[in-house]
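Participant: So that we are looking at the same thing, I have put the structure below in C-alpha cells.
None of the figures in this text is laboratory data; all of them are computed from the coordinates on show. The structure displayed is predicted, hence computed values, not measured ones. Methodologically, a virtual Cβ is constructed for each residue, glycine included, from the backbone with ideal geometry; neighbour enumeration extends over all protein chains shown.
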Amino acid sequence: MSRKDRKRITAKPKAKARVFAALGDKTRLALIAQLCSGESASISKLAEESKITRQAITKHLGILERAGIVSSTQSGRERLFSFDPEPFQDLQQYLASVSKQAEQAAARRKSRTPK
C-alpha cells in the first residue's frame with residue numbers, strides 16, 4: 001500500500017466514524033433521501049412525509065448535522081436543512097482505498113495457496 005493510500009485511510013477517523021454511525025439508522029437514511037433533491041426543507045416539511053414526531057426528526061437531524069451530512073440555516077422562525085455531499089465524497093475515497101487493499105490482500109492470499 002502506498003503512503004498516500006495509507007494517509008487517506010487513516011485521515012480523520014473520528015469524522016468518518018461519525019458519518020458511518022449517522023448512516024446506521026433507517027430514519028436518518030430516509031431524511032437524507034428527502035434532502036438529496038437539492039432543496040432545503042424545514043422540520044415541518046420533513047415531518048409531513050414521516051410517521052415520526054417532529055421532535056424525533058429534530059433529534060435525527062442534529063445527529064446528521066454533527067456528522068456534517070446536513071447543514072442548517074435560520075429563515076425567520078424556521079430552520080432549513082440542506083444536504084451536504086462532501087462527507088460522502090470523502091467516504092467514497094476511503095472505501096475505494098479499503099477496497100483496493102482488500103483486493104490486494106485477496107490476490108496475495110490466492111498466490112500463496114498451494115495448487
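Participant: Given (1) under 22 Å from PRO13 (Cβ atoms); (2) surrounded by 11 or more Cβ atoms within 10 Å (Cβ to Cβ), identify the lone condition not met by SER99.
Facilitator: (2)
Participant: Identify, from the list GLU86, GLU65, the residue that is surrounded by fewer than 14 Cβ atoms within 10 Å (Cβ to Cβ), within 23 Å of ILE43 (Cα to Cα) and within 17 Å of the chain's Cα centre (by Cα). First the steps, then the outcome.
Facilitator: On the way: GLU65 fails: surrounded by fewer than 14 Cβ atoms within 10 Å (Cβ to Cβ).
Every option except GLU86 fails the conditions.
Participant: Consider region 61-105. How many of its residues are aliphatic (A, V, I, L, M) and in contact (Cβ under 8 Å) with a residue 40 or more places away in the chain? Full working, then the answer.
Facilitator: As a first pass, look at region 61-105 and keep what is aliphatic (A, V, I, L, M): 61, 63-64, 67, 69-70, 80, 91, 95-96, 98, 102, 105.
Filter once more, keeping what is in contact (Cβ under 8 Å) with a residue 40 or more places away in the chain: 63-64, 67, 69, 80, 91, 98.
Total satisfying the criteria: 7.
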